[in-house]
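Let me begin by presenting the structure, written as structure tokens, before commenting on it.
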Amino acid sequence: MTTEQVYIIQPVFGEDADILHDEAVALIESAGASYLGSMRQTIREINPATFIGEGKLEEIAQELGETKATVLFNGDLSPSQTLNISKALGDRKVIDRTTLILDIFASRAVSSEGKVQVELAQLKYLYPRLRGKGSQLSRLGGGIGTRGPGESKLETDRRHIRARIHALEERLKETEQRRALQTERRKKERVKTIALVGYTNTGKSTLLNAMTGADVFVKNALFATLDPTARAFEIEGVPFLMVDTVGFLQDLPHGLIEAFRSTLESALNCDLALIVCDASGQFGMQLDTTLSTLKDLGFSSPYLIVMNKCDLAEDTRFPKDCVQISAKTGAGLETLKRRIFDALKDEFIKTTLFIPYSEMAAYSATRHLLTERTVIYGDDGAFLEVIIPAIYAEKFKQYAQK
Ligand SMILES: Nc1nc2c(ncn2[C@@H]2O[C@H](COP(=O)(O)OP(=O)(O)OP(=O)(O)O)[C@@H](O)[C@H]2O)c(=O)[nH]1
Ligand SMILES: [Mg+2]
């Protein structure tokens, strides 16, 4: 199959247009298609029928001529606008930004939960758009916007889709309940959790791998990671859990955030978040987008700002108090560990306990609350080097070494 070629129509409203345009090129490549060219248009007034002016559409039609290129409108279109633009461009396939992003998510989803979440977001986006779209969809013949779990169902009737949405929502609810239990258990075990969050392609998975020796998929592409992955690691003998998450993007489709809310929330229910930014990219915009998305998700944990890819950075006007690292070269990782440790150190106590053998049974009933590091058996009892969550310190006071 030949690579799908995509031509971008970039509506220009303000200063962000260049960033959005370049991001669209990266999105197109992440979808496995290739970028053909683009046309910008400053929008003063939205044309309700076709969004951009008809004159501009004619220009584009001429430029594209006989090529089979798909047109990406880098914004959101109503169903009728999509149809009208498609007609004006000689019945060409036209997709909008949300469709493109959903398509990438669909091709990346691995876990069954991820697949359900993406299908749900796709169907919810398509549902109000289905009227009159059946004929257009069947003409598209593959490529962006037709992939993913929802593919074969697009042409079935709306009632069928409504039932499917309902079934998927039920299935997600079950998974959520199961996860809530796991989170509870993790809380009980009191291992401190650190979530990696941030803009897509900033190096979150690379950092997870560097810190924990994990082997998580890393790629120079947008949305390489969909499913949260957790890995254990230690700082100064204290165990931590690091969780990788799906990356954010400016104007991420709302339905998608909704669909991923539960996965994200469990990761965001962390003791500390590392907000990872690309120091060699638009880190100001990345940070703003991440902070506002986190706010929408009701995030309230403490966080550290991490400037990654410092090996490539030219600009050094970074936010105050950030940690500068390179997950690739390893530079700054020791400092990062120290900052993580400092941020969480009030939450646990490292100490040595002495448990007389006569009290071993009583101690055993409570030992699940702490982490034992080393044990030395003496004549009358055991000496234990332990890490105790601060909230349980009282419970073990009686064993504290005098
Ligand atoms: N030069 C340099 N490249 C890096 C560094 N960290 C990550 N990268 C590269 O940046 C790209 C993205 O890395 P990932 O770890 O997949 O990024 P991510 O934040 O997990 O991305 P998504 O899962 O797509 O949101 C890859 O090509 C990495 O090799 C770094 O410190 N320096
Ligand atoms: Mg990743």
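The values are calculated or read from the model by the stated rules, or taken from the named source; none is laboratory data. What you see is a predicted model; the values in this text were computed from it and never measured. Methodologically, a virtual Cβ is constructed for each residue, glycine included, from the backbone with ideal geometry; neighbour enumeration extends over all protein chains shown. These accessible areas exclude ligands, DNA and RNA; they are computed on the full protein's heavy atoms, side chains included. Shrake-Rupley method; radii C 1.70, N 1.55, O 1.52, S 1.80 Å.
Descriptive notes on the structure:
- Positions within the stretch 202-221 being at positive phi and within 14 Å of ligand 2 (Cβ to nearest atom), in sequence order: Gly203
- Hey, Thr98 within 17 Å of His21 (Cβ to Cβ), in a helix (DSSP H, G or I) and polar (S, T, N, Q) or not: yes
- Qualifying residue in the stretch 329-342 (condition: open to solvent by 90 Å² or more (accessible area, probe 1.4 Å), of a type in the set (D, E, K, R) and either assigned to a helix (DSSP H, G or I) or not assigned by TED's automatic domain parsing to the domain that holds Gly213 (or both)): yes
- Every residue from the stretch 345-377 that is part of a helix (DSSP H, G or I) and within 12 Å of Val238 (Cα to Cα): Lys345, Glu347
- Top-ranked residue in the stretch 12-42 [being buried (at least 18 other Cβ atoms within 10 Å of the Cβ) and over 21 Å from Gly284 (Cβ atoms); ranked as nearest to the chain's Cα centre (by Cα)]: Ser30
- From the options Ala224, Ala195, residue that is near ligand 2 (Cβ under 8 Å from one of its atoms), open to solvent by less than 40 Å² (accessible area, probe 1.4 Å) and either modelled with pLDDT of 90 or more or closer than 23 Å to Ile19 by Cβ (or both): Ala224
- Applying the set (1) at pLDDT 85 or above; (2) outside any strand (DSSP E or B); (3) over 20 Å from Val191 (Cβ atoms); (4) open to solvent by 60 Å² or more (accessible area, probe 1.4 Å) to Lys402 leaves exactly one unmet item: (1).
- Residue among Lys295, Lys309 that is surrounded by 21 or more Cβ atoms within 10 Å (Cβ to Cβ) and either assigned by TED's automatic domain parsing to the domain that holds Val110 or of a type in the set (Lys, Arg) (or both): Lys309
- Considering the stretch 101-120, and only residues there that are hydroxyl-bearing (Ser, Thr, Tyr) and in a helix (DSSP H, G or I), the residue that is most open to solvent (accessible area, probe 1.4 Å) turns out to be Ser112.
- Check on Ser262, more than 16 Å from ligand 2 (Cβ to nearest atom), over 26 Å from Asp346 (Cα atoms) and at pLDDT below 80: yes
- Residue check, Asp251 within 24 Å of Gly330 (Cα to Cα) and among the acidic types (Asp, Glu): no
- Residue in the stretch 45-52 that is open to solvent by less than 30 Å² (accessible area, probe 1.4 Å) and assigned to a helix (DSSP H, G or I) present: no
- Residues that are more than 16 Å from ligand 2 (Cβ to nearest atom) and either open to solvent by less than 10 Å² (accessible area, probe 1.4 Å) or among the hydrophobic types (A, V, I, L, M, F, W, C) (or both) within the stretch 237-252 comprise Val238, Phe240, Leu241, listed in sequence order.
- Entry remark, the stretch 203-221: residues being touching a strand residue (DSSP E or B) at 6+ places or on another chain (Cβ under 8 Å) and either within 16 Å of Ala109 (Cβ to Cβ) or surrounded by 18 or more Cβ atoms within 10 Å (Cβ to Cβ) (or both) number 9 in total.
- Counted residues, the stretch 208-223 - those being near ligand 1 (Cβ under 7 Å from one of its atoms) and either touching a Leu at 6+ places or on another chain (Cβ under 7 Å) or polar (S, T, N, Q) (or both): 2
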